[in-house]
Amino acid sequence: MIFVGEGALLRRAVTHAATRGHPVDLVCSADPLDAAAADAPHLAAADVNAHADSLARACTDGIVWSLNNRQIFREPLLRADGLRILNIHNGLLPRHRGLPSVAVLFALLHGDTEYGATCHEVDAGIDTGPVLAQRRFPIGPEDRYHQVMLRGIRACQALFEQILPAVTAGTAHPVRAAAAEPSAYYGLRALDRLDTYRDHPAYPRATDLGPFAAHAPELTRALDRPPSLSPPGRCPAG
């Protein structure tokens, strides 16, 4: 199997898979140490799609994992023969599509009562592929951004470890989605609406980044931006 992503979440997944005896054929990340625990080859690629042929040749079991990964999978990697690309997403899909750093903030502003992690197959959309499994946890009325984000990361790790045996056995299949489940996407452009929430009662806890301020520069820039520089005419997302 191949791993694509970055950070501690990726490294823990690589370590877990290796210690369980699964083949780690390649780790695609910015840091070569991410592959060290599995003694696996490492590839630093600004665009993993440009290496589709290499990934297809390297993968011995046809499984590609995406964890804490900001790269978007595109052709020809998406149609590479024999590859199944799975993403562990920090958020409940389809409600929290996009960047987890942004989705957590708006989950709190919108009064969501639960958050979690999702394992889904990757298709040509962004976080739109079939869902295989989820782990959910409640959001309390006083929970702050950094608390929800940390629980989301822990849920991602637990979900990967939970579903790994079924994926490798070929028994992990899409689950039936609730018909009324809303879909929302949170990318960088969603931060253009942040200024309209400054008087929202949940704003202080939704923007309490805590230790994650160092890992979400897009949020710190948006929070530091003077209100007068915020684009006009934007309405809060529903």
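Observations, loosely collected:
- Per-residue SASA entry for Glu121, accessible area with 1.4 Å probe, Å² rounded to 10: 50
- Computed E for Glu114/Ala44 - FRET, C-beta separation, R0 35 angstrom, nearest 0.05: 0.45
- Accessible area (Å², 1.4 Å probe, nearest 10) - Tyr115: 0
- Close amide H partners of Leu92, meaning residues 5 or more places away or on another chain with modelled amide H under 5 Å apart, are Gly116.
- Taking the helices alone, the chain has a mean residue ellipticity at 222 nm of -8500 deg cm²/dmol, built from -39,500 (n - 2.57) per DSSP H run of at least 4 residues and averaged over all its residues.
- Accessible surface of the chain, 1.4 Å probe: 53 percent of it comes from carbon and sulfur atoms.
- Length gained on full extension, Glu142 to Asp61: 24.7 nm, using 0.36 nm per residue less the C-alpha separation.
- Remark: the chain carries 48 Å² of accessible area per residue (probe radius 1.4 Å; ligands, DNA and RNA excluded).
The values are calculated or read from the model by the stated rules, or taken from the named source; none is laboratory data. Not measured: the values here are computed from a predicted model. Quick reminder, even Gly has a Cβ in these numbers, built from the backbone with ideal geometry, and neighbours come from all protein chains shown. Calculation scope for accessible area: heavy atoms of the full protein, side chains included, ligands and nucleic acids excluded. Shrake-Rupley method; radii C 1.70, N 1.55, O 1.52, S 1.80 Å.
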